[in-house]
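Below is one structure, written out as structure tokens, with a few remarks after it.
The values are calculated or read from the model by the stated rules, or taken from the named source; none is laboratory data. Everything quoted here is computed from the prediction, not taken from an experiment. Cβ sites come from the backbone with ideal geometry, for glycine too, and all protein chains shown count toward neighbours. All accessible areas refer to the heavy atoms of the entire protein, side chains included, with ligands and DNA or RNA removed. Shrake-Rupley method; radii C 1.70, N 1.55, O 1.52, S 1.80 Å.
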There are 2 protein chains.
Amino acid sequence: MVTIHLADNEPGDLVVPADDRGLAYGDGLFETILVHNGVPQLLEAHCCRLLEGAARLGIPLTAEELQQALARVSHRMSAVPARQVLKLLLTRGSGGRGYRPPASPGPRLITSVMPAPPEPPEAGVAVVISEIPLTVNPRLAGIKSLNRLEQVMASRAMPDDCYEALMCGEQGDLREGTRTALLYLWQGRWFTPPRDRVAVRSIMLSHVEYGLSREGVPVSEGELFPAQCWQPEFGGLFLLNSVIGAVPVQTLDGRKLPRPEQLATIVSLAKQPEEFR
Amino acid sequence: MVTIHLADNEPGDLVVPADDRGLAYGDGLFETILVHNGVPQLLEAHCCRLLEGAARLGIPLTAEELQQALARVSHRMSAVPARQVLKLLLTRGSGGRGYRPPASPGPRLITSVMPAPPEPPEAGVAVVISEIPLTVNPRLAGIKSLNRLEQVMASRAMPDDCYEALMCGEQGDLREGTRTALLYLWQGRWFTPPRDRVAVRSIMLSHVEYGLSREGVPVSEGELFPAQCWQPEFGGLFLLNSVIGAVPVQTLDGRKLPRPEQLATIVSLAKQPEEFR
């Protein structure tokens, strides 16, 4: 059975045993959820991703246990119109022989609520292409695991005045930002890099894609190479994640990108439904 | 400056803040060192790997700080002829904005001493080829980082009666075990898989290689495909790591491998010098 740990505020208020497998090996998962007016946004999608990830890793977590943890943390979420972030961090707990997990792990689920980071400027952000390549193990693709050292290294190398660093696959194709998914216009149609080649399956990308599909607008999968961004067929690039929603990329490696024509549509679709309750 | 944390015994005696970046992102490194008769074996090589890894990740740790931590833990190491394991776990500490580390991190170094696992049978062990592929980011290759989820998954899928699971690259070439390096005989010569394609640079492999070189015997880099193991040119396969030394592989996926002709030589070279002090 999972042990639920509840931080007073930031996760630093809590401690975990130093033999936790999350610390030792990154053997766990996390979710970062926007809380608006006290309501966690797209909560069901986040819970599903966490439960699916736990099932793929073989970490026992039931939907009921997750609901219990959410019920216990709910009073930390402010009802005032402040933007907060709810973080769920699940580890396989302690034990096992080295890398080999115990047959019956006792997972830990750590919940914390903290103020949201400032929103990016609506006009767009400056991003760079990282020199740190992205490697995605097909057996772990899409899982928001605690193995994020590549993203840490790409973030670390990013110039101070940049908002995000985009990571490329071995062939030099743009896959995702360190903490954002990519959505771009090519010949007037929406594309996103192939989903089985990105590290994290994006909840916000699915949300925007669903919104577009309701308007009869498809999003296809397609590789994006940096050189495409300077061609006339290229219509603009968005960064998406659950906390920021959608923000256009204004400059890539210092060169101006086209302002997406349907900017307002995408930004509006990325506003989350509960914000309007 | 690094904060040194010293476990009474197992690392579970200690706690770390739940916002530690080692837990959140696997943002750190570790070393597992055999202690024999109270003496940590190949200590200088382990310290060098930890310091080099820290430098590559940009985690500030000086050799002096590491020496201080070792001095503080030394009294935990038994002078009786018991085999123990000294674990050093270094994290970037708390702080930063998401993946982006703080400009001046306050790393944590956690030291613990625990009983060594039982030694493998001298006659050899049964191993399997894992279905979990190995992915190695060229910027992180060789670093014993806290991002070890692939190894956890391969260990988890391993049958109970197996000692180790071997992981393959995309092309199906055998790279390393979840916790061991590979050394094999092909046409009477020693080989190891190319070093820039393995996850962890092995201290024990270097130690054995140095021992062989003193006898004028070279170890070359060469890809190893499973099909080679059944060919007459194949002379046997060893697993190596700092805690077990060297052990021959008796069966691979249930099929018998040749007993290496120079078995005693390799096992003896993998005995560590301080054991004989």
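If you take every DSSP beta bridge fully contained in the stretch A:3-115, what fraction is antiparallel? Give it as a percent rounded to 5.
Working: 20 of 24 bridges.
Approximately 85 percent, going by the DSSP bridge assignments.
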Open item on the list: Output the 0 to 90 degree angle, nearest 10, between the alpha-carbon long axis of helix A:43-57 and the longest principal axis computed from the alpha carbons of chain A.
Closed with: 70
TODO: Starting from a label point 7 Å past Cα on the Cβ side, list the distances from A:S213 to the same position in the other copies, nm, shortest first.
DONE: 5.8
Open item on the list: Using C-alpha positions alone, give me the convex hull volume of the protein assembly as shown per residue in cubic angstrom.
Closed with: 156
Open item on the list: Placing the label point 7 Å from Cα along the Cα-to-Cβ direction, what are the distances from A:F225 to the equivalent spots in the other copies, shortest first, in nm to one decimal?
Closed with: 2.9
Open item on the list: Over the stretch A:125-276, what is the relative contact order in percent, taking alpha-carbon pairs closer than 8 angstrom and at least six residues apart?
Closed with: 26
- [ ] Specify which residue in the list B:Q262, B:A199, B:V217 is farthest towards the positive end of the charge dipole of the stretch B:125-276, using unit charges on the beta carbon of Lys, Arg (+1) and Asp, Glu (-1), about the Cα centre.
- [x] B:A199
Task: Span from the the stretch A:167-216 Cα centroid across to the the stretch B:238-263 one, whole angstrom - done: 45
- [ ] Compute the Kirkwood hydrodynamic radius of the stretch B:3-115, taking the inverse of the mean of 1/r over all pairs of distinct Cα atoms, and give it in Å to one decimal.
- [x] 14.4
Task: Probe 1.4 Å, all protein chains present, accessible-area order of A:T111, A:T32, largest first - done: A:T32, A:T111
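Over all distinct Cα pairs, what is the inverse of the mean 1/r for chain B, reported as the Kirkwood hydrodynamic radius in Å?
Details: mean 1/r = 0.0510 Å⁻¹.
The answer is 19.6 Å.
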- [ ] For chain B, with a Gaussian network of springs between Cα atoms less than 10 Å apart, report the residue from B:P159, B:P60, B:P17 with the top mean-square fluctuation.
- [x] B:P17
TODO: Could you compute the FRET efficiency for A:R214 and B:A103, with r as their C-beta to C-beta distance and R0 at 60 Å, rounded to 0.05?
DONE: 0.85
Task: Taking chain B and dividing mean pair separation by its residue count, relative contact order in percent (alpha carbons under 8 Å, at least six apart) - done: 20
Task: Under the Karplus curve 6.51 cos²θ - 1.76 cosθ + 1.60, θ = phi - 60°, whole-Hz ³J(HN,Hα) for the stretch A:242-254, x wherever Gly or Pro sits - done: 5, 8, 8, x, 10, 9, x, 8, 8, 9, 10, 6, x
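Could you size up the charge dipole of the stretch B:3-115 around its Cα centre, putting +1 on the beta carbon of Lys and Arg and -1 on that of Asp and Glu, and report it in debye to the nearest 20?
Values: 11 positive and 11 negative charges, 43 e Å.
Around 200 debye, computed over the stretch B:3-115.
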- [ ] Just the ratio, please: alpha-carbon radius of gyration of the stretch A:125-276 over 2.2 N^0.38 Å, N its number of residues.
- [x] 0.98
Task: For B:T265, inter-copy label distances in nm, listed shortest first [label point 7 Å out on the Cα-Cβ vector] - done: 7.1
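Rank these residues by their accessible area, most exposed first, probe 1.4 Å: B:R148, B:R197, B:R259. Let's see the in-between values first.
Working: B:R148 15, B:R197 85, B:R259 175 Å².
From most exposed to least exposed: B:R259, B:R197, B:R148.
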Task: Solvent-accessible surface ranking, highest first, for A:K144, A:K271 at 1.4 angstrom - done: A:K271, A:K144
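Roughly how big is the stretch B:125-276's charge dipole about its Cα centre, with Cβ charges of +1 (Lys, Arg) and -1 (Asp, Glu), in debye to the nearest 20? Intermediate results must be reported in sequence, preceding the final value.
On the way: 15 positive and 18 negative charges, 49 e Å.
Dipole magnitude for the stretch B:125-276 comes out near 240 debye.
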Task: Among B:L70, B:L146, B:V208 the positive-end extreme of the charge dipole of the protein assembly as shown (Cβ point charges) - done: B:L70
Task: Distance from the stretch A:41-114 to the stretch B:122-158 (C-alpha centre basis), Å - done: 26
Task: Gyration tensor over alpha-carbon atoms, the stretch B:200-251, equivalent ellipsoid semi-axes in Å - done: 21, 15, 11
- [ ] Treating the angle as unsigned and between 0 and 90°, give the value, to the nearest 10°, between the Cα long axis of helix A:203-214 and the longest Cα principal axis of chain A.
- [x] 50
